[in-house]
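Everything below concerns the one structure shown next.
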Amino acid sequence: MEKILIVGPASQMLGVRMAKELEIEYVNTEFKRFPDGENYVRLNIEDETNLANKEVIIVQTTGPDATADQNSRLFELFMMIDSVKRMAPAKIIVVIPYLAYARQDKIFRPGESQFANVVIGILNSFGIDELYVVDVHAPLLVSQSLCKAVNIDSMKLLADYIKAQGAEDIVVISPDKGAMERSRAFAKHFGEEIPVEYFEKERDVKTGEIEMSGKLNLKGKDVVIADDIISTGGTMASAIKIAKKSGAKKIYAAATHALLLQQAKFRILNAGADEIIGTDSIDNEVAKVSLAKTIADYLKFD
Ligand code: R5P
């Protein structure tokens, strides 16, 4: 079936790269905010019948824009899906590399909304055919999707990049115990015997402040600290400081979704990291690893 890709406003680099990998036609969008704050998106096509009977792939990450506004990214996505729906496509495939609100998957304090479920519910209400996310913070969310939903793993790509930088005698560190399973899987991409350690992280659910502790002997080691998200960089910076004190030689701070909000870059480098590595899930200067081929491979064999 003929495919066409809609490059969402938030995934311009990734979208074009994916279309090139897939060797398919692609279109961009026109987008803006009205003075009252409402979003506007228009698919850049002149003839709505262009999408009829085609498999339409929409790519839009929902990480923050320059004004830290994730909601606009979500609304733009919903608008694009709505426009496509009207045009009688054979299939609508939605790729959301970074799924906003995935960290609000639980009730941490009485009175909160479990909003991650609402986001999936809205996507379900559109009746899309397939959904792809990447290293989603709460993997169980994909099971709430009513259509085929896949959580794509970016760990091999990040590990390959770090290996190519010449890292050796590696220790992988998980910034908290809960992420150990993911860190163990990540470490396997560096070799079967790579040690995996963790630091204890406590986050105050009211203030968001974190405290981290741990003691390891990392003398002469190249340390890779891997997380799914770097937001304000607090978690990474704390882990880096401990790793540095523990004797680490080189420190790589890697995350699938490097949102790098507020002072994150400063905090991470100031703590002692040699390099920050992210993917093009988030279109910024640390997006050194492209997800395009991996995502395209999933879409090719559909
Ligand atoms: C939380 O559980 C996530 O996996 C990340 O560790 C967290 O989102 C990072 O946030 P920040 O960079 O603000 O510490």
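The values are calculated or read from the model by the stated rules, or taken from the named source; none is laboratory data. As the structure is a prediction and not an experimental result, all values here were calculated from the model. All Cβ positions, even for glycine, are placed from backbone atoms using ideal geometry, and neighbour counts span all protein chains on display. For the accessible areas, the whole protein counts, side chains as well, though only heavy atoms, and no ligand, DNA or RNA atoms are used. Shrake-Rupley method; radii C 1.70, N 1.55, O 1.52, S 1.80 Å.
Of note:
- For the range 145-163, the criterion of being over 21 Å from the mean Cα position of the chain (by Cα), surrounded by 17 or more Cβ atoms within 10 Å (Cβ to Cβ) and over 30 Å from F78 (Cβ atoms) is met by no residue.
- Against the conditions (1) at pLDDT below 95; (2) under 28 Å from Q70 (Cα atoms); (3) more than 12 Å from the ligand (Cβ to nearest atom); (4) not basic (K, R), E192 satisfies every one except (2).
- Residue check, L259 near the ligand (Cβ under 10 Å from one of its atoms) and not assigned by TED's automatic domain parsing to the domain that holds I96: yes
- Every pair of residues 6+ apart whose Cβ atoms lie under 8 Å, when the first sits in the range 42-58 and is assigned by TED's automatic domain parsing to the domain that holds I24 while the second is open to solvent by 70 Å² or more (accessible area, probe 1.4 Å) and among the basic types (K, R): E48/R86
- Within the range 73-116, considering residues that are farther than 18 Å from I128 by Cβ and among the hydrophobic types (A, V, I, L, M, F, W, C), the one surrounded by the fewest Cβ atoms within 10 Å (Cβ to Cβ): I107
- Residue that is farthest from the ligand (Cβ to nearest atom) [pool: residues in the range 200-215 that are of a type in the set (K, R) and part of a loop (DSSP other than H, G, I, E, B)]: K215
- Listed by position, the strands (runs of 3 or more DSSP E) enclosed by the range 82-199 include none that has at least 3 residues that are hydroxyl-bearing (S, T, Y) and under 23 Å from M18 (Cα atoms).
- Lone unmet requirement of (1) touching a helix residue (DSSP H, G or I) at 6+ places or on another chain (Cβ under 7 Å); (2) among the hydrophobic types (A, V, I, L, M, F, W, C); (3) within 10 Å of the ligand (Cβ to nearest atom); (4) assigned to a loop (DSSP other than H, G, I, E, B) for L218: (3)
Yes/no per residue for (1) touching a Gly at 6+ places or on another chain (Cβ under 8 Å); (2) at pLDDT below 95; (3) open to solvent by 40 Å² or more (accessible area, probe 1.4 Å); (4) not in a loop (DSSP other than H, G, I, E, B):
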| position | (1), (2), (3), (4) |
| --- | --- |
| Y40 | no, no, yes, yes |
| I45 | no, no, no, no |
| T49 | no, no, yes, yes |
| I57 | no, no, no, yes |
| A68 | no, yes, yes, no |
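- Residue match in the range 241-255 (condition: open to solvent by 10 Å² or more (accessible area, probe 1.4 Å), more than 16 Å from the ligand (Cβ to nearest atom), out of contact with any strand residue (DSSP E or B) (no Cβ under 7 Å at 6 or more places or on another chain) and not basic (K, R)): yes
Each row is one residue, and each column tells you yes or no for (1) touching a strand residue (DSSP E or B) at 6+ places or on another chain (Cβ under 8 Å); (2) open to solvent by 40 Å² or more (accessible area, probe 1.4 Å).
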site	(1), (2)
S183	yes, no
V196	yes, no
G208	no, no
K215	no, yes
A226	yes, no
I230	yes, no
